[in-house]
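Note sheet for the following structure.
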Amino acid sequence: MHKFAVAILASLLSSSAVFAMMESAGSSLEIGVGYRNDTLGWKTKASCCESSYSSYSDSGSAVAVPEGLESKVKWKDLSIWQIEGVAKYVTCDSIYLRGNFDYGWIVSGKNTDKDYLLDDCGCGCSSSYGSYSSYGNSGVEFAKSKAHVSGHVYDFKAALGYQFKMCDDSFAIYPLIGYQWKANHLEDSHVRYDEGSSTESKAYSSSYSSSYSSSTSSSGHDHSSYHARLNGVFLGFDFDYRFGLGCGCDMDWQLFGTYEFHWATLSGSGDSHPRNFKFHQHSNNAYANLFDIGIKWDFCECWTLALKGEFQWWWANHGHNSITLGKERICNMKYSQDLRVPMSKFYNDSASVSVDLGMVF
């Protein structure tokens, strides 16, 4: 569907651009600054039936391996200052073109990464360590890391639609189809890693300490990174409603908004310093609801000032994380292992407010 929609959009944009250059019924360009707050994370769970191994032997002694692992990764309170641009073009044939771009700097945020041991993964087997039910649904927390976050984000959208006017041209709606490129580049610094305090978690961490930081609690200049891309088509509509305040002046006001539903592909990659591995993630089943609303003041013949709020809810399912473990040592054994772990949940929620200065042509 993505390839088909992109091909249609590209052909329509190329043909419409020719007509747009020939004649225009109106266009505008807006540049703005704003503040944005994001939350992003995912959950993976590997059951005992999907585990690549259940135990290994070291000098004739059997060492237990947990029957299931669950990880929860979350970036929260990501404070982002951003700049943005919006270009709109309406031809005399009512063909509507829109382009959006924004770039933001993450100035603060928090990351937490928690790993759990599971006893019963739903396939008829239980952990060698016994029951973990007393520790809650996620079992025993055997490792956790915290970090400060910086980085940058950007979004780019191109859309094509058609303008319908009504109510004596005071109200207009623009059904549209488009494509979006969205990216998050996160850098975790001053990473602090801690092992769990329970007997079971210490047993697991001591057996597999080589897969993690050499110390049980480290802080300072350890760094991890994560890069995610969400690309795909969307359907939606823009609307605007023009009105006056009845004050005997020529200043006009405009209420405007957008709704979009997205189909996207999620691609991500990163590295975890305390856990000493790199990973890649992928899902063809990513979706989003996007909504923005604002008010605009036409304070001059060709100048506008707008206040806008935007909300985005992204999620993905049926994905996976491919974890590449380097050459590690467990006691007197060496191994290199690649693991494919199901990703049961991915989310990226965002809210922003911005002030835009625009020019109407």
Using θ = phi - 60° and Karplus 6.51 cos²θ - 1.76 cosθ + 1.60, couplings along the range 93-109 (whole Hz; Gly, Pro as x): 8, 6, 6, 10, 10, 9, x, 10, 8, 8, 9, x, 10, 7, 9, 6, x
Long-range HN-HN contacts of D252 with modeled amide H, under 5 Å: D298
Summed residue charge, Cβ within 9 Å of L176's Cβ, Lys/Arg positive, Asp/Glu negative: -1
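For the pairs K72/K278; K114/K157; K157/K308; K165/K296; K146/K308, flag any whose C-alpha to C-alpha distance is greater than 23 Å.
Violating the 23 Å Cα-Cα cut-off are K114/K157; K146/K308.
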Under-5 Å amide H pairs with G26, H placed in peptide plane, nonlocal only: V90
Whole-Hz couplings from phi, Karplus 6.51/-1.76/1.60, listed for the range 238-243; x for Gly and Pro: 9, 8, 8, 10, 9, 8
Hz values of 3J(HN,Hα) by residue in the range 148-160 - Karplus curve (6.51, -1.76, 1.60), Gly and Pro given as x: 8, 10, 9, x, 8, 9, 7, 9, 9, 9, 10, 9, 10
Proximal charge balance of K72 [Cβ under 10 Å; K/R count +1, D/E count -1]: +2
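Computed from the coordinates by the stated procedures, all read-outs in this text should not be read as laboratory data. No experiment lies behind these values; they were computed from the predicted model shown. Glycine gets a Cβ as well: all are built from the backbone with ideal geometry, and neighbour counts include every protein chain shown.
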